[in-house]
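The structure appears below as structure tokens.
The values are calculated or read from the model by the stated rules, or taken from the named source; none is laboratory data. Since the model is a prediction, treat every value here as computed from it, not as a measurement. Virtual Cβ from ideal backbone geometry, glycine too; neighbours counted across all protein chains shown.
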Amino acid sequence: MNAATLQDQTQTSWWIRPLVETVRNYGIKACEAKAKEIAFGIAPIGITANIGGGRNKRWPDACCVDAMHDPDLDFNTKPLPFSTGSLGLVVCEQVIEHLHNTTWFLSEINRVLMPEGQLILSTENLASLPNLFALLLQRAPFSTQAVCGRFVGGFKDGPAGYPDGVEAHHPTYAGVHGHVRVMTVGQIKDLLRSAGFHLLAKHGYGGNHYVLFHAIK
């Protein structure tokens, strides 16, 4: 057994790893496929923006903004770099759970959307079956185990690390690499409603661990 294999086994409970990987791979891919299906189906008027996804191949024609690769952006405190009412569709996949100021972020998405503009938002669900399973075993939910750059209280031990080019104290990550505001489905619905959105549909995958919301302004 080489050192890398030994280190991996000491960091991750061997019996839980297949479950985690299965849920993660299936859930994220299912959310991504559904987001693409919805986007193609609604044929929005105006420009599409992919917020937080980098130069994602699924959205080659979208305007992409990503704080991980552009440290000058801060989705917690600064306006999004789009004019008011300039977008027909915003796609935001697995981003909101990394932010503290979720209310500001959603209000900014509402601002940049034109009337009847649409939002496709995916995130993890704090009350998912995998997270409830972890709590039953007296562990932190899978969605909240990375704390301040280290895995704490879960099934993995060791550094969580930071994205390349982003300082640990950068406000977008608030000194935390991982999830800082994981919410339940009910919380997301309430936040969307208070930000001026009407929920059109919700889709859950992987024991409702990954959830995709389709909303309209």
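Find the residue count for segment 30-72, including only residues that are among the acidic types (Asp, Glu), modelled with pLDDT of 85 or more and surrounded by fewer than 18 Cβ atoms within 10 Å (Cβ to Cβ).
Matching residues across segment 30-72 total 1.
Is one or more of the residues making up segment 77-93 farther than 25 Å from residue 209 by Cα, β-branched (Val, Ile, Thr) and at pLDDT 90 or above?
As a first pass, look at segment 77-93 and keep what is farther than 25 Å from residue 209 by Cα: 77-88.
Okay, now just the ones that are also β-branched (Val, Ile, Thr), so 77, 84.
Cutting the leftovers down to at pLDDT 90 or above gives us 84.
Yes, because at least one residue in segment 77-93 is farther than 25 Å from residue 209 by Cα, β-branched (Val, Ile, Thr) and at pLDDT 90 or above.
In segment 182-212, which residue that is closer than 21 Å to residue 131 by Cβ and of a type in the set (D, E, K, R) is farthest from the chain's Cα centre (by Cα)?
190
Quick one: in segment 151-188, which of the residues that are more than 24 Å from residue 121 (Cβ to Cβ), among the hydrophobic types (A, V, I, L, M, F, W, C) and modelled with pLDDT of 75 or more is surrounded by the fewest Cβ atoms within 10 Å (Cβ to Cβ)?
152
Can you tell which of 124, 97, 108 is among the charged types (D, E, K, R), surrounded by 23 or more Cβ atoms within 10 Å (Cβ to Cβ) and at negative phi?
Going through 124, 97, 108 in turn, just one is among the charged types (D, E, K, R), surrounded by 23 or more Cβ atoms within 10 Å (Cβ to Cβ) and at negative phi: 124.
Out of all the residues in segment 104-150, which are among the polar types (S, T, N, Q), part of a helix (DSSP H, G or I) and at pLDDT 95 or above?
Within segment 104-150, the first condition is being among the polar types (S, T, N, Q), and the residues that meet it are 107, 110, 118, 122-123, 125, 128, 131, 138, 143-145.
Narrowing further to those that are part of a helix (DSSP H, G or I): 107, 110, 131, 143-144.
Passing the criteria: 107, 110.
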